[in-house]
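Only one structure is covered here, and it is reproduced in the block below.
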Amino acid sequence: VNEHLPALQTVVPMMAAPICILLRRASWVRVFAVAVAWSCLAIALALLEQVLTHGTISYALGGWAAPLGIEYRVDVLNAYVLVIVATIGAVVIPFPLDGRELRIPRERYYLFYSLFLLCLAGLLGITITGDLFNIFVFLEISSLSAYALIGLGRDRGALTAAFSYLVMGTIGGTFILIGTGLIYQMTGTLNIVDLARRLPPVLESRTVWIAPAFLVVGTSIKLAAFPLHQWLPNAYTFAPSMVSSFLSATATKVAYYVLVRVIFGIFGAAFFFETIGLSSLLLPLSLAAMVVGSLAAIQQTNIKRLLAYSSIAQIGYMTLGLSLANLNGLTGGLVHLFNHALMKGGLFLVVACALSRVASPDLEALRGLGRKMPLTMAAFVVGGLSLIGVPGTVGFVSKWFLVLGALDKGLYLVAFFILASSLLAVVYVWRVVEIMYFRESAVPVERDEAPLSMLVPTWILIGGTVYFGLNTELTAGVAHTAAQFLLGGAS
Amino acid sequence: VADVVYSNPLPHVLMLTAIVVGVATTGLGLALIVRIYEEYGSVEEDTLREMDRAAE
């Protein structure tokens, strides 16, 4: 079985999705989906372990040898991203579905799990495949199921949010397809490793110059990089909180991975950063994302929308790490993938816990919740501290590497921006904390904690933000190795 | 075999896949539009925006 692990990583959740529809009973389907998600995590961890000990794994799907066949290629970078996606999937899937957040009745919950597993399969597929066209196909699998998942939100705004995400996402997907087509036209291959070999001789051609523009803009839409982020706030606000948690922690991370792969794996860092000068565009946009996202978050009155805007700022940190294009900066960007997945996934689960007791996600409705649900709200405080980047949390680790990366390049102003936007994060986190702990509720408050089945997944993610903030060996270590691999391996 | 002229099958496969993806996307998009019409009673974007604003 060991040698087929790369195929199983996507085949298991993809086959499980239709089985959910056959099983039908909500309780059975839930147990089954949890088992599938956990086996995905086990496979991802086994792959990471194999890659770290034996180096890159190449798997010929269906026995067709690369570059003609589709190759699944697992190196340090995507093994790391696989672990992120699978971890979040495994933690979020057991979270109980709440009828108050979903539009579908309990008899149809099996469809939710089916979509969820399909989305998971798509995200894992994008990450593991070594074929550019295959990335597009998996991207559409994950995106289509994500649109449907968002449309399941209780509020009717979920439908319009899902539709506008569908329009934006399809434009992004089509751009990636056009970019892929242009590259194929020039090189006659779709395999990423083969492309890296065949592109340099034709790098002067205009066709090859247009292709990366399409690929970068397409993935940036999926990534919700500023200023292509307009679909994100509505999508995360109206989606069921559990879906917001999963998507905010995985979908944008995978898009970031694709962007990194396109830049370092296909064209090479030298082409993007020296010939085109991507940094001069990406760096100001990342700084703008950090500031504008945080400022917008401060003004929100809906906690989910607040977290969504904070995501845009956090994505700014990731692209900032990319635009620095040195070892520390890239390590910071990559480690922030994992760190942001933990904290934003955890914070959206906190919202899901709160919404099981409170009628609306408006900040005003959260008054006095600090005494009503002390455990849930303590999780929010810890997650919020991590968003700010307090030492001892994962947010600090990412920002540490980013600041180091900026200083390595002598960009003192950028380092200052990183610290300034952390102060903005203090403002929006404090607004929520103040309302929860220091404002009196209109109705008398009784202790009414979310059930344990909700608290455990939430605290696993939030606890992770502290654990990996103190014990950075695993995450920062792997991210460092991946960054070294990218900078050293890129021609 | 070297002299035989044949068309490259790969672009055909890519296009077919892209068409299938396009059909799936259109299907989902239309399904969402039907649901939007059921909920809002309109598919006019300005009307939808006004209704959303009024609800806030």
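Throughout, read-outs are computed from the coordinates displayed, never taken from laboratory work. A quick note: this is a predicted structure, and the numbers were derived from the prediction, not measured. Cβ sites come from the backbone with ideal geometry, for glycine too, and all protein chains shown count toward neighbours.
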Checked A:Ile183, A:Ile128 against criteria (more than 10 Å from every other protein chain (Cβ to nearest Cβ), surrounded by 24 or more Cβ atoms within 10 Å (Cβ to Cβ) and within 22 Å of the chain's Cα centre (by Cα)); the one match is A:Ile128
So, first residue at the interface with chain B (Cβ under 7 Å from one of its Cβ atoms) in the stretch A:148-170, second residue of a type in the set (Phe, Trp, Tyr) and assigned to a helix (DSSP H, G or I), Cβ within less than 7 Å, six or more apart or across chains; the pairs are A:Arg156/B:Tyr40; A:Gly157/A:Phe238; A:Ala162/A:Tyr147; A:Leu166/A:Tyr147
In the set B:Val23, B:Val34, B:Val43, the lone residue that is more than 9 Å from every other protein chain (Cβ to nearest Cβ), under 21 Å from the mean Cα position of the chain (by Cα), closer than 20 Å to A:Ile141 by Cα and among the β-branched types (Val, Ile, Thr) is B:Val23
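Of everything in the stretch A:186-209 that's under 30 Å from A:Ser248 (Cα atoms) and either away from chain B (no Cβ under 14 Å) or acidic (Asp, Glu) (or both), which residue is surrounded by the most Cβ atoms within 10 Å (Cβ to Cβ)? Step through it out loud before you land on a result.
Here is the first cut: in the stretch A:186-209, the ones under 30 Å from A:Ser248 (Cα atoms) are A:190-193.
Next, from what is left, pick out any that are either away from chain B (no Cβ under 14 Å) or acidic (Asp, Glu) (or both): A:192-193.
Working: A:Ile192: 21, A:Val193: 19.
By that ranking, first place goes to A:Ile192.
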- Determine, yes or no, whether A:Ala90 is surrounded by 14 or more Cβ atoms within 10 Å (Cβ to Cβ), farther than 30 Å from A:Val193 by Cα, touching a residue at least 40 places away in the same chain (Cβ under 8 Å) and out of contact with any His (no Cβ under 8 Å at 6 or more places or on another chain). yes
Every listed condition ((1) under 26 Å from A:Leu285 (Cβ atoms); (2) in contact with a Phe, Trp or Tyr (Cβ under 8 Å, 6 or more places away or on another chain)) holds for A:Ile183 save (2)
Taking the stretch A:12-31 and the residues there that are closer than 18 Å to A:Asn134 by Cα and touching a residue at least 24 places away in the same chain (Cβ under 8 Å), the one that is surrounded by the most Cβ atoms within 10 Å (Cβ to Cβ) would be A:Pro13
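One line per residue, one yes/no per condition, for (1) among the charged types (D, E, K, R); (2) more than 9 Å from chain A (Cβ to nearest Cβ):
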| residue | (1), (2) |
| --- | --- |
| B:Val4 | no, yes |
| B:Asn8 | no, no |
| B:Leu16 | no, yes |
| B:Leu28 | no, no |
| B:Arg49 | yes, no |
| B:Arg53 | yes, yes |
With the first residue restricted to the stretch A:43-58 and required to be without any contact (Cβ under 8 Å) to a residue 40 or more places away in the chain and under 21 Å from A:Asn191 (Cα atoms), and the second required to be of a type in the set (Asp, Glu) and outside any helix (DSSP H, G or I), Cβ contacts under 6 Å at 6 or more apart or on different chains are A:Thr56/A:Asp75
